[in-house]
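Single-structure report; data block below.
The values are calculated or read from the model by the stated rules, or taken from the named source; none is laboratory data. These numbers come from a predicted model, not from an experiment. All Cβ positions, even for glycine, are placed from backbone atoms using ideal geometry, and neighbour counts span all protein chains on display.
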């Protein structure tokens, strides 16, 4: 998979931008605030219909406009696709595939993109919601069924929370939460197990020998570690029963995959409390490398890779080891304020970004 061309209207600090890209490496230069990161974000929105930075739609619209529109020509094997994603303030977000309207969820079945940047340290050190977003964003690309399960679960969750707030009996929704929640937890466990195996290898290589591991914490975890659906469902059912009175008092659902978390360890110590900025960054990059290769193998296409200032906060040894890890990609977009390594500059295309415009190309 690769993106041949991109057209942006009223997205972030871009009023109007049209450009085409190399099939291999594309390097974006520019000072802070010029729009390099916004350009990567626009590519992600085009591919999946949402920001990878958790930004709400209204902030993606240029301050002098009331809508944004992103279009692009994307190649998948011998197929050429004209894709468009547009959003109107106080309106709906829409996507078209060769000018035919599609559901946004269909983008996950067709396109594949992995983004890494400075904000990824929050996956290790931030709030649980950041780690759940990481799982959901990439598992939705890995499994065609997952995004539907997630939507069904959150629909039932919203109904239960509404019942709790109105002091109505929420029990009728519990069976749906158990059914959908158990399937979500099973898929998360299997995905994270595969991610951990890959990420451990990358972390050891980049860090020079340290160990990375993760622990999936969920109310549906069976005591014996056997994540069979019926056992997960049993654990959720029991937890719902234990927390029923507390949920009634707090008027909020406390049990289910919307409360899941991941705990990371570096050399057997909790990364959140004992890790340095460099270790967090290395761990997050290892996770993204793991996800990239899992998606490539599962989807049998090479995802587009977006790397935003990936060498910041890494020492020379880690940077060199990271460079060696990025050798198996089809199309790469890289932002940097530093001189990129020679292997990336060879056969690459460079763009100078200034004030929301492509000022020059090399």
Original post:
Applying the selection to the stretch 21-39, what residues are modelled with pLDDT of 90 or more, farther than 14 Å from residue 359 by Cα and part of a strand (DSSP E or B)?
Top reply: 26
**OP:** Could you look through the stretch 92-110, keep only residues that are part of a loop (DSSP other than H, G, I, E, B) and free of Cβ contacts under 8 Å to residues at least 24 places away in the same chain, and pick out the one that is farthest from residue 300 (Cα to Cα)?
**Re:** 92
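Criterion first (at negative phi, out of contact with any helix residue (DSSP H, G or I) (no Cβ under 8 Å at 6 or more places or on another chain) and at pLDDT below 80) does residue 344 satisfy it?
Numbers: at negative phi: yes; out of contact with any helix residue (DSSP H, G or I) (no Cβ under 8 Å at 6 or more places or on another chain): no; at pLDDT below 80: yes.
For residue 344, the condition - at negative phi, out of contact with any helix residue (DSSP H, G or I) (no Cβ under 8 Å at 6 or more places or on another chain) and at pLDDT below 80 - is not met.
Condition (residue is at pLDDT 90 or above, out of contact with any strand residue (DSSP E or B) (no Cβ under 8 Å at 6 or more places or on another chain), over 12 Å from residue 114 (Cα atoms) and not in a strand (DSSP E or B)) applied to the stretch 263-270: is it met by at least one residue?
Narrowing the stretch 263-270 to residues at pLDDT 90 or above: 263-270.
From the residues that got through so far, the ones that are out of contact with any strand residue (DSSP E or B) (no Cβ under 8 Å at 6 or more places or on another chain) too are 267, 269.
If we keep only those that are over 12 Å from residue 114 (Cα atoms) as well, we get 267, 269.
Of the ones still in play, those that are also not in a strand (DSSP E or B) are 267.
Within the stretch 263-270 (the criterion being at pLDDT 90 or above, out of contact with any strand residue (DSSP E or B) (no Cβ under 8 Å at 6 or more places or on another chain), over 12 Å from residue 114 (Cα atoms) and not in a strand (DSSP E or B)), the answer is yes, since at least one residue qualifies.
Kindly check whether there is at least one residue in the stretch 47-55 that is assigned to a helix (DSSP H, G or I) and modelled with pLDDT of 95 or more.
If we filter the stretch 47-55 for residues that are assigned to a helix (DSSP H, G or I), which is where we start, we get 47-48.
Remaining after also requiring modelled with pLDDT of 95 or more: 47-48.
There is at least one residue in the stretch 47-55 that is assigned to a helix (DSSP H, G or I) and modelled with pLDDT of 95 or more.
What number of residues within the stretch 61-91 satisfy the criterion of being in contact with a helix residue (DSSP H, G or I) (Cβ under 7 Å, 6 or more places away or on another chain) and at pLDDT 95 or above? Step through it out loud before you land on a result.
Of all residues in the stretch 61-91, those in contact with a helix residue (DSSP H, G or I) (Cβ under 7 Å, 6 or more places away or on another chain) come to 68, 70, 72, 83, 85, 87, 89.
The next check asks that each one be at pLDDT 95 or above; those that pass are 68, 70, 72, 83, 85, 87.
Total meeting the criteria: 6.
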Subject >> Condition broken by residue 301, with the remaining ones in (1) within 30 Å of residue 173 (Cα to Cα); (2) in contact (Cβ under 8 Å) with a residue 12 or more places away in the chain; (3) within 25 Å of the chain's Cα centre (by Cα) satisfied >> reply: (1)
Original post:
What is the one condition in (1) more than 20 Å from the chain's Cα centre (by Cα); (2) under 20 Å from residue 197 (Cβ atoms); (3) surrounded by fewer than 19 Cβ atoms within 10 Å (Cβ to Cβ); (4) modelled with pLDDT of 80 or more that residue 324 does not satisfy?
Top reply: (4)
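Provide a single number: the residues in the stretch 167-180 that are in contact with a helix residue (DSSP H, G or I) (Cβ under 6 Å, 6 or more places away or on another chain) and either without any contact (Cβ under 8 Å) to a residue 24 or more places away in the chain or under 13 Å from residue 237 (Cα atoms) (or both).
Total meeting the criteria: 6.
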Original post:
Of the residues in the stretch 295-315, how many are crowded, with 21+ Cβ neighbours inside 10 Å and under 21 Å from residue 193 (Cβ atoms)?
Top reply: 1
Original post:
Do we find a residue being over 23 Å from residue 330 (Cβ atoms) and part of a helix (DSSP H, G or I) anywhere in the stretch 60-74?
Top reply: yes
**OP:** Would you be able to say whether some residue in the stretch 302-309 is outside the structural domain of residue 208 (by TED's automatic domain parsing) and at pLDDT below 85?
**Re:** no
Original post:
Within the stretch 220-236, can you find the residues that are closer than 15 Å to residue 157 by Cα and surrounded by fewer than 18 Cβ atoms within 10 Å (Cβ to Cβ)?
Top reply: none
Original post:
Which of (1) crowded, with 19+ Cβ neighbours inside 10 Å; (2) within 22 Å of the chain's Cα centre (by Cα); (3) modelled with pLDDT under 95 is the odd one out, the single condition residue 95 does not satisfy?
Top reply: (3)
Original post:
Which one of these is out of contact with any strand residue (DSSP E or B) (no Cβ under 7 Å at 6 or more places or on another chain) and more than 17 Å from residue 47 (Cβ to Cβ): 136, 109, 120?
Top reply: 120
Original post:
For the stretch 155-166, how many residues are in contact (Cβ under 8 Å) with a residue 24 or more places away in the chain and surrounded by fewer than 16 Cβ atoms within 10 Å (Cβ to Cβ)?
Top reply: 1
